[in-house]
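Heads up: the structure comes next, in structure tokens.
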Amino acid sequence: MRLAPPLVALALAVVSAAFAPACGSPDEPAVVQTGGGGGSAATPSDAGAEADAEAPPVCAEFGGAYRGEGTCNPGTLTFPWAICVRQTGCEVVIKTNADQTYSGLATAQSMKATTNTPAAETCTGAHVAGLVGLHCSGPAKDESCDGQATPVPLPGATGPCCDLHADACGAGQRCYPVDTESGGVFTACVPDDGALGEGDACKRSAPTAAAVGRDACKKGLYCTDFGTATPDARACRKLCLMDGDCPAGGACFGVGATPWAGACVSTCGLFDEGTCGDGTTCRVVASHDAYGLVWNLRCGAVGAKAAGDGCSQPEECGPALTCVEGRCEPYCDATNACPDGLSCGEYPSRKAEGFGATIGECH
């Protein structure tokens, strides 16, 4: 099953993400061209002569990284925090940290965008006191959200919200997931000055609290602790957008960036501890394939807590255990039953075969 919060909430955050000052001042008159044909200057038309007048749209320029906040009805709907906006002329493509995509137009000081899903949500927004105020509504009756968004600065980076596959950063730059002072992660163009190869040990750091996180990996790689026993044991891994970008036996696990970006890591056998190295155990984590976000398996740090012990995250639990409702509990499948008093809650999957058919967690 795809892992995504309610779409209306996503639409709100996405569209809230974005207005900034217009390309042209709204006080300036629109440029009007009249007449047609040839390269001569336009002149007023005589009575009865054919005249065409077109005013090119004034686009609101708001591409970049944003954080959104607000409220929704019903109250169970929540916002994703991070939104990235790519803009070409008046056309916008909006990506959220929940792997949702929206598209629309931004003209003058307002815009309208719609989700690229069958159950479309529509959002409209406008500048209010320097922020972006907006309203979104879904297909269900009384399903709506209201909120605002503010831009997120990326000191030391250029070209926020770059595409990992498009290589849009140009010579001497690379598209890379960077940390922000506010805690979000966005793709952005940074200097291509790394020398470490795939699999090499690496470190990721930010010189100051306001700087973007950087590493010394080569272009197309990312320094991550995925598959290692401790956060200090990082390695350069291939950046990816989906599982198909990775070598056989690997999958694309998200690094928390907006728009979606991941790192290729080998998968593992959930009930076969021999598939993971010392200090790690096989865990259920979301990766990204043609379906979107799907459950998958990768090695991760193993903790010391036993079944039934309190926990706040899976890494605190021991081998073959995960954190379920604040307690370390076993994974389960058709041949690995849960302890007495617990039932196996299966992880749903849209994959036709393989993982997801029977694997779950005890609760």
(Q) Can you say whether ALA233 is farther than 28 Å from GLU316 by Cβ, of a type in the set (A, V, I, L, M, F, W, C) and surrounded by fewer than 19 Cβ atoms within 10 Å (Cβ to Cβ), as far as the supplied structure shows? (A) no
Here the qualifying pairs (Cβ atoms under 9 Å; residues six or more apart or on different chains; first in segment 216-241 and in contact (Cβ under 8 Å) with a residue 60 or more places away in the chain; second polar (S, T, N, Q) and surrounded by 19 or more Cβ atoms within 10 Å (Cβ to Cβ)) come out as GLY227/THR280; THR228/THR280; ALA229/THR280
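Against the condition surrounded by 20 or more Cβ atoms within 10 Å (Cβ to Cβ), in contact with a strand residue (DSSP E or B) (Cβ under 9 Å, 6 or more places away or on another chain) and at pLDDT below 85, how does GLY194 come out, does it pass? Step through it out loud before you land on a result.
Details: surrounded by 20 or more Cβ atoms within 10 Å (Cβ to Cβ): yes; in contact with a strand residue (DSSP E or B) (Cβ under 9 Å, 6 or more places away or on another chain): yes; at pLDDT below 85: no.
In short, no.
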Screening GLY254, GLY250, GLY303 for residues that are surrounded by 19 or more Cβ atoms within 10 Å (Cβ to Cβ) and in contact with an Asp or Glu (Cβ under 6 Å, 6 or more places away or on another chain) leaves only GLY303
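Regarding segment 86-93, can at least one residue be identified that is outside any strand (DSSP E or B) and of a type outside the set (D, E, K, R)?
Step one: filter segment 86-93 for residues outside any strand (DSSP E or B), giving 89-90.
In the following step, the residues that additionally are of a type outside the set (D, E, K, R) were identified as 89-90.
Within segment 86-93, one or more residues are outside any strand (DSSP E or B) and of a type outside the set (D, E, K, R).
Taking segment 161-181 as the search range and keeping residues that are in a loop (DSSP other than H, G, I, E, B) and touching a residue at least 24 places away in the same chain (Cβ under 8 Å), which one is farthest from CYS217 (Cα to Cα)?
Pass one, segment 161-181, residues in a loop (DSSP other than H, G, I, E, B): 161-172, 180-181.
Narrowing the set further to residues that are touching a residue at least 24 places away in the same chain (Cβ under 8 Å) leaves 161-165, 180-181.
Working: CYS161: 20, CYS162: 18, ASP163: 18, LEU164: 15, HIS165: 17, THR180: 19, GLU181: 22 Å.
Checked segment 161-181; the qualifying residue farthest from CYS217 (Cα to Cα) is GLU181.
Might you let me know whether segment 336-345 holds any residue that is of a type in the set (A, V, I, L, M), touching a Pro at 6+ places or on another chain (Cβ under 6 Å) and not in a strand (DSSP E or B)?
no
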Matching residues in segment 148-191 (touching a helix residue (DSSP H, G or I) at 6+ places or on another chain (Cβ under 9 Å) and farther than 19 Å from ASN97 by Cα) number 0
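Quick test for you: out of THR150, THR107, THR101, pick the one residue that is in contact with a Lys or Arg (Cβ under 8 Å, 6 or more places away or on another chain), farther than 25 Å from HIS288 by Cβ, surrounded by 14 or more Cβ atoms within 10 Å (Cβ to Cβ) and at pLDDT 80 or above.
Among THR150, THR107, THR101, only THR150 is in contact with a Lys or Arg (Cβ under 8 Å, 6 or more places away or on another chain), farther than 25 Å from HIS288 by Cβ, surrounded by 14 or more Cβ atoms within 10 Å (Cβ to Cβ) and at pLDDT 80 or above.
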Within segment 153-190, the count of residues that are surrounded by fewer than 21 Cβ atoms within 10 Å (Cβ to Cβ), under 17 Å from ARG204 (Cα atoms) and modelled with pLDDT of 80 or more comes to 2
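The values are calculated or read from the model by the stated rules, or taken from the named source; none is laboratory data. Here the structure is a predicted model, which means the values were calculated and not measured. With ideal geometry, Cβ positions are generated from the backbone for all residues, glycine too; neighbour counts draw on all protein chains shown.
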